Amino acid sequence: MLKNKLKTGLLLGLLLCGTVPAALAVDSASVEFLPIATSAHSRPADARRQGALFRVRRDGQVGYLFGTIHVGAKSFYPLAPEVSQALADADTLVLELDTRADDAFQKALARHGSYRQGDHVAQHIGADTLARLTSALHALGITLASVGHLKPWLLANMLMALELERHGFERAHGNEFFLLDDAQSRGTRVAELESADYQLSLFDTLSDADAERYLRESLADLADGTSLRRAKATIAAWNSGDVAALDALIPEAVKGGSVMASFTRSMLLGKRNPEMAARIESLMQGNKTTFVAPRYTQLDSKPISRRVLI
């Protein structure tokens with residue numbers, strides 16, 4: 001049970017710290033925005049319009065880019081018909097992580113998300129922060145002793161995962177699980193954009209002081225409902241295919257001097273996005289038709305358009 005919450009916490013941290021991108025508008029005839037987010041005369045009135053889907057044509061190869069979310073509800077499926085057709089056309093599905101690879105996650109967790117034996121989170125945060133953390137955990141029926149070996153940023157993300165689960169959004173209904181099941185049923189090859197070790201290592205760059213600030217910010221946002229409102233707004237915009245609403249969340253994610261905003265600017269946009277774009281480019285070169293499904297908030301337009309779309 002705890003293992004699943006930690007996986008969800010990692011993914012949620014990457015979702016909630018990310019920025020919602022501007023539309024991938026580039027001056028190239030090779031890029032098409034497939035209108036799953038807009039009305040079309042040929043579409044049934046109740047047709048699904050989740051997320052945003054792009055088709056990229058380059059040197060005889062085709063790539064689909066579909067922004068995903070890592071938690072969801074059973075009612076989100078099946079996905080929009082355009083997405084289902086793109087999946088059927090693809091010979092390779094590319095996800096941020098193959099979430100079935102538990103051994104890799106456990107190794108990454110031990111290396112980056114946990115303290116060494118004998119160490120404890122209480123030795124890395126102040127008394128007031130510890131009291132707030134203990135109270136938040138107890139409210140969910142979790143003892144500090146059971147999770148005290150985890151680092152503050154992972155505890156913060158785990159608490160957010162539990163809060164979303166309380167409101168009906170579960171990792172088991174995240175897009176990755178649906179896409180992996182679809183790939184398995186079709187015999188489609190699955191590839192990863194990143195690794196659990198890489199993703200956890202991003203958070204592990206936080207100093208003790210910043211990790212504590214990250215936890216305090218998260219506890220405050222959970223207490224006043226800010227985190228839940230932000231996450232629900234992102235999920236609702238994705239589920240309705242409201243790209244404008246997703247784009248409107250950009251300023252909120254990167255403004256101010258919080259650790260979360262700084263982490264987004266430096267690590268997700270400054271480091272992770274360009275590296276992900278390079279990986280997408282490499283994978284497209286090796287496959288005829290590729291369906292790439294990073295989280296929607298990772299589809300930042302500049303690095304991907306410069307390296308992949310043009």
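The values are calculated or read from the model by the stated rules, or taken from the named source; none is laboratory data. Given the structure is predicted, the values throughout are model-derived calculations rather than measurements. A quick note on method: Cβ atoms are made from the backbone with ideal geometry, for glycine too, and the neighbour counts reach across all protein chains shown. Ligands, DNA and RNA are excluded from the accessible area calculation, which covers all protein heavy atoms including side chains. Shrake-Rupley method; radii C 1.70, N 1.55, O 1.52, S 1.80 Å.
Summary table
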{"item": "Qualifying residues in region 170-209 (those that are within 28 Å of Arg132 (Cβ to Cβ) and buried (at least 17 other Cβ atoms within 10 Å of the Cβ)) - the one farthest from the chain's Cα centre (by Cα)", "result": "Leu206"}
{"item": "Residues being under 28 Å from Thr68 (Cβ atoms) and assigned to a helix (DSSP H, G or I) - total across region 137-176", "result": "21"}
{"item": "Considering residues of region 96-136 that are under 30 Å from Asp181 (Cα atoms) and part of a loop (DSSP other than H, G, I, E, B) only, the residue nearest to the chain's Cα centre (by Cα)", "result": "Glu96"}
{"item": "Within region 153-169, tally of residues that are open to solvent by less than 30 Å² (accessible area, probe 1.4 Å) and touching a strand residue (DSSP E or B) at 6+ places or on another chain (Cβ under 7 Å)", "result": "0"}
{"item": "Of the criteria (1) open to solvent by 50 Å² or more (accessible area, probe 1.4 Å); (2) under 27 Å from Asp197 (Cβ atoms), which one Ser114 fails", "result": "(1)"}
{"item": "Residue count, region 276-298 (criterion: in a helix (DSSP H, G or I) and either β-branched (Val, Ile, Thr) or without any contact (Cβ under 8 Å) to a residue 12 or more places away in the chain (or both))", "result": "3"}
{"item": "Qualifying residues in region 265-284 (those that are in contact with a helix residue (DSSP H, G or I) (Cβ under 8 Å, 6 or more places away or on another chain) and open to solvent by 60 Å² or more (accessible area, probe 1.4 Å)) - the one nearest to Ser201 (Cα to Cα)", "result": "Lys271"}
{"item": "Selection from region 198-229 of residues that are part of a helix (DSSP H, G or I), within 24 Å of Met276 (Cα to Cα) and among the hydroxyl-bearing types (Ser, Thr, Tyr)", "result": "Tyr198, Ser201"}
{"item": "Residue within region 70-78 that is open to solvent by 60 Å² or more (accessible area, probe 1.4 Å), at pLDDT below 95 and within 20 Å of Arg189 (Cα to Cα) present", "result": "no"}
{"item": "Tally of residues being touching a residue at least 24 places away in the same chain (Cβ under 8 Å) and assigned to a helix (DSSP H, G or I) across region 177-197", "result": "9"}
{"item": "Region 218-251, subset more than 17 Å from the chain's Cα centre (by Cα), open to solvent by 40 Å² or more (accessible area, probe 1.4 Å) and not aliphatic (A, V, I, L, M), residue modelled with the lowest pLDDT", "result": "Pro251"}
{"item": "First in region 75-89 and over 14 Å from Gly241 (Cβ atoms), second anywhere and among the basic types (Lys, Arg), Cβ under 8 Å, 6 or more apart", "result": "Pro78/Arg48; Ala86/Arg55; Leu87/Arg186; Ala88/Arg186"}
{"item": "Tally, over region 210-227, of residues that are among the hydroxyl-bearing types (Ser, Thr, Tyr) and over 15 Å from Leu130 (Cα atoms)", "result": "2"}
{"item": "Subset of region 91-132 (residues that are among the small types (Gly, Ala, Ser) and at negative phi)", "result": "Ala101, Ala104, Ala108, Ala110, Gly113, Ser114, Ala122, Gly126, Ala127, Ala131"}
{"item": "Unmet criterion (only one of (1) under 29 Å from Asp208 (Cβ atoms); (2) open to solvent by less than 10 Å² (accessible area, probe 1.4 Å)) for Gly67", "result": "(1)"}
{"item": "Region 248-260 residues that are in contact (Cβ under 8 Å) with a residue 40 or more places away in the chain, paired with ones that are crowded, with 19+ Cβ neighbours inside 10 Å and polar (S, T, N, Q) (beta carbon under 7 Å, 6 or more apart)", "result": "Leu249/Thr234; Ile250/Thr19; Ala253/Thr19; Ala253/Thr264; Val254/Thr19; Val254/Thr264"}
